[in-house]
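Only one structure is covered here, and it is reproduced in the block below.
The values are calculated or read from the model by the stated rules, or taken from the named source; none is laboratory data. Here the structure is a predicted model, which is why all the values come from computation and not from measurement. Positions of Cβ are generated from backbone atoms using ideal geometry, with glycine treated the same way; all protein chains shown enter the neighbour counts. Accessible surface areas use protein heavy atoms only, side chains included; no ligands, DNA or RNA. Shrake-Rupley method; radii C 1.70, N 1.55, O 1.52, S 1.80 Å.
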Amino acid sequence: MSRPQLLLDGVSRTFDGFKAINNLSMVVDKGELRAVIGPNGAGKTTMMDIITGKTRPDSGKVLWDQRIDLTRMDEADTARLGIGRKFQKPTVFESHTVEDNLRLALKGGRSVWATLFHRRTGPENRRIAELLDLIRLTEARHRPAADLSHGQKQWLEIGMLLAQDPELLLVDEPAAGMTDAETMWTAELLKSIAGDRSVIVVEHDMEFVRELDCRVTVLHQGSVLAEGSLAHVSAMPEVVEVYLGR
Ligand code: ADP
């Protein structure tokens, strides 16, 4: 039976009199992979800001794991609870090797010096090897992150987030700027991550969303316009109208 990991219940947020999020309700189950789509200005970024505590809603409730109220939490609180967020632009440590980037993420919070020069443990090395394998960067492990392609940097950053063992991963337009092959493989990666964790992907690229093959939430004017498979929502006249202006 499905169990809710995240519940948004009638959430609203106004900026200067404009309702960016308008009575938005949505449930994401434990282990679910969910795509959130919608035209520019639909409220996707604000929704992610509210989930992570970067922005507080004016009204409504955000509930974690059916019992913990996130509504008044800040980003540090939600990160501690297990919510990881990947912004669109990759932020890796360019001058450090791929492996050291993962090591730094695994040690979260410690200084670079302390992390890279302290004694390395077996479990830590094993976890890094697993992550390198998952993100397909084992062969590049000793190369500086600056040498990686854009797609590889995105995967490395996903690996760095996984090193922190989140229960929910929010991923913002991972396929932007990727080659077709990188895009397809990114979909596979996110599919393999879900199951153990919940993943919410905000995306514009419909081919990528098709590849994700998951439940889709369509946002429009800060509310849920439609929800279901991509085939289902893309056949709905109201969704077609929002996207094509018909
Ligand atoms: P999306 O990510 O779907 O493009 P956003 O969440 O970024 O949409 O924005 C939704 C609406 O809210 C937009 O009209 C945007 O201009 C407005 N908005 C978002 N953040 C702010 C802010 N900090 N101040 C004023 N308006 C904002």
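The table that follows gives values for the structure above.
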{"item": "For the chain, calculated [θ]222 nm from helices alone, where every DSSP H run of n ≥ 4 adds -39500 (n - 2.57)", "result": "-10500 deg cm²/dmol"}
{"item": "Fraction of accessible area attributable to carbon and sulfur, the chain (%, probe 1.4 Å)", "result": "49 percent"}
{"item": "Qualifying lysines (Cα of each under 19 Å from Cα of Lys44; at least 8 residues distant if same chain)", "result": "Lys19, Lys54, Lys61, Lys86, Lys89"}
{"item": "Percent RCO, i.e. relative contact order, over region 1-68, from Cα pairs under 8 Å lying at least 6 residues apart", "result": "44 percent"}
{"item": "Inter-centroid distance (Cα atoms) of region 5-26 relative to region 46-109, Å", "result": "19 Å"}
{"item": "Equivalent ellipsoid, region 1-78 (semi-axes from 5 times Cα gyration tensor eigenvalues, Å)", "result": "20, 15, 11"}
{"item": "The chain, relative contact order [Cα under 8 Å, separation at least 6], %", "result": "27 percent"}
{"item": "Distance in nm between pseudo-label sites at Glu238 and Ala181 (7 Å out along the Cβ direction from Cα)", "result": "4.3 nm"}
{"item": "Accessible solvent surface per residue of the chain, calculated while the other protein chains remain in place, 1.4 angstrom probe, Å²", "result": "48 Å²"}
{"item": "Arg13 long-range amide H proximity, modeled H, under 5 Å", "result": "Ala20, Ile21, Asn22, Asn23, Asp58"}
{"item": "Per DSSP, loop trypsin sites (Lys or Arg not before Pro) in region 47-81 with at most 15 further Cβ within 10 Å", "result": "Lys54, Arg67, Arg72"}
{"item": "DSSP-defined antiparallel bridges as percent of all bridges, the chain, nearest 5", "result": "55 percent"}
{"item": "For region 196-246, diffusion coefficient by Stokes-Einstein and Kirkwood Rh (Cα), 25 °C, 0.890 mPa s, µm²/s", "result": "211 µm²/s"}
{"item": "Where only alpha carbons of the chain are counted, the Rg and the Dmax (Å)", "result": "18.5, 62"}
{"item": "Hits among aspartates and glutamates - C-alpha to C-alpha of Lys30 under 14 Å, sequence gap 8 or more where chains match", "result": "Asp65, Glu167, Asp196"}
